[in-house]
Structure formats: structure tokens, C-alpha cells
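Heads up, the thing below is written out as C-alpha cells.
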Amino acid sequence: MIHCMVDGREHAVTAGEMDELATLIDALSDEVAKDGRFIASLMLDGRELYPSSEWYRSRKLQGIRRVEVITGNSGQLALDALAEGDRCLDELRGMLLRSVEFFRSGNDQKGLTIFIELVTKLEWFVTTVRSVGDVMQVDFTATLMNGMPLSEEIEALNRILLDIVGAQERRDWVLLGDLLEYELEPQLEQCRELLGALRQISAT
């Protein structure tokens, strides 16, 4: 018998033909999503797991005594992520300008150090925007911004990211500086507009 708690309340579970923990968690996730919520934390017999962890995907239900789930509001999650995205864009612009300055002055090592951190943050930003879209159930191909689908804005950012990583791999610091200043920096402003568009959608 599995005792399942959702937000501190006993939750009836019909295990039925379920034999894996992942099946139970996916079913709970679908249930709370109907109320605009998501699984924010997960405890299994007193052990905390990341809700997105792959550890439990193949774990059998047999022997599990207690599953505890805490949910969060999907709308608030999206707003918090968008606010963090704004802060990330401010950091990215500052890092971009410092990196370009070091590359132009011939201090390639310092420029490269900042550049690597910049790419990591940029990848985080793209992942976060897509996650927010999933939470808000936004169709990026059908939602327009400045007459273009949001999906094209994200793809444009991905293309620039591939170009600047390619320049870095070829150790072409002059091209890398140009790509950062003349391609990526304007795109960051588009990203801010993208966040604004998502914020408007969340308000409707």
C-alpha cells in the first residue's frame, strides 16, 4: 500500500497496472497540471528527489511506502523565470562588452574566460525560455512578435550561438569579437522583447 501526499493532504492513488514509480509521478503531474500547477518537490520514503530526475524513471513501485509531492503555481513559476531571464540578459550584455574589450585589446585569455561563461548563460536563457513556453503552453510557431513567429527568434539566437562557438573553436578572436558586438548584442534586445511578449501572454 502506497501512501501518497499532495501538498500535505492524503491523495487517493489507484495504482492499477502501474509497476514503475515514473508512471505514478507522470500521472500525478498530469493531475495537478489540470489546476495550473506543477510538481515543485518530490519525496520518496523521506528522500528528496529532483522532480525532473531520471533516477526514479526505472524504479519499481514494489517496496515504496510513501510518496510526498509539493506543487507550485505554474503561472508564478513562469513569471519568476521571466524575471530571472531579464536579469540574465543584463548580465549577458555586460559580459559580452567586457569579452569584446579584452579580445580587441589582445588579451585573448581573459576574453575567452568571460566568453565561456557567457555561452553557458546564453544556453541557460534559451532553455529557460523554452521551459516557460511549455509551462504556459505557448505555441512558438503560431505566436508572432514583430510579424515573426517566436520560434524564429529563438532559432536566430541559436544560429548566432553556433557561429560564435565556431569562431571560438577556430580561435578567430577578431571574428568572435565582431560576432559578439554586431550580431549577438542586437539579438539580446530582441530577446528582451521576446520576454515581454511572453509576459503579455501570461497576463491574458
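The values are calculated or read from the model by the stated rules, or taken from the named source; none is laboratory data. Note that this is a predicted model, so its numbers are computed, not measured. Neighbour counts run over all protein chains shown; Cβ positions are idealised from the backbone, glycine included.
What the table shows:
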read-out	value
Filtered residue count, region 72-110, keeping only those that are closer than 30 Å to Asp134 by Cα and either of a type outside the set (Asp, Glu) or without any contact (Cβ under 8 Å) to a residue 40 or more places away in the chain (or both)	23
Hits in region 139-164 - residues which are assigned to a helix (DSSP H, G or I), of a type in the set (S, T, N, Q) and under 19 Å from Ile201 (Cβ atoms)	Ser151
Matching residues, region 167-190, being surrounded by 13 or more Cβ atoms within 10 Å (Cβ to Cβ) and aliphatic (A, V, I, L, M)	Ala167, Leu175, Leu176, Leu179, Leu180, Leu184, Leu188
Pick from region 61-78, criterion surrounded by fewer than 17 Cβ atoms within 10 Å (Cβ to Cβ) and assigned to a helix (DSSP H, G or I), ranking: modelled with the highest pLDDT	Gln76
Flag for Leu96 being outside any strand (DSSP E or B), modelled with pLDDT of 80 or more and within 30 Å of Asp172 (Cβ to Cβ)	yes
Criterion (free of Cβ contacts under 8 Å to residues at least 60 places away in the same chain and not in a loop (DSSP other than H, G, I, E, B)) met by exactly one of Leu175, Leu180	Leu175
Output for region 65-108, where each listed residue is touching a strand residue (DSSP E or B) at 6+ places or on another chain (Cβ under 9 Å) and under 17 Å from Ser41 (Cα atoms)	Arg66, Val67, Glu68, Val69, Ile70, Thr71, Gly72, Asn73, Ser74, Leu77
Which numbered condition Leu24 misses (of (1) modelled with pLDDT of 75 or more; (2) on the phi > 0 side of the Ramachandran plot)	(2)
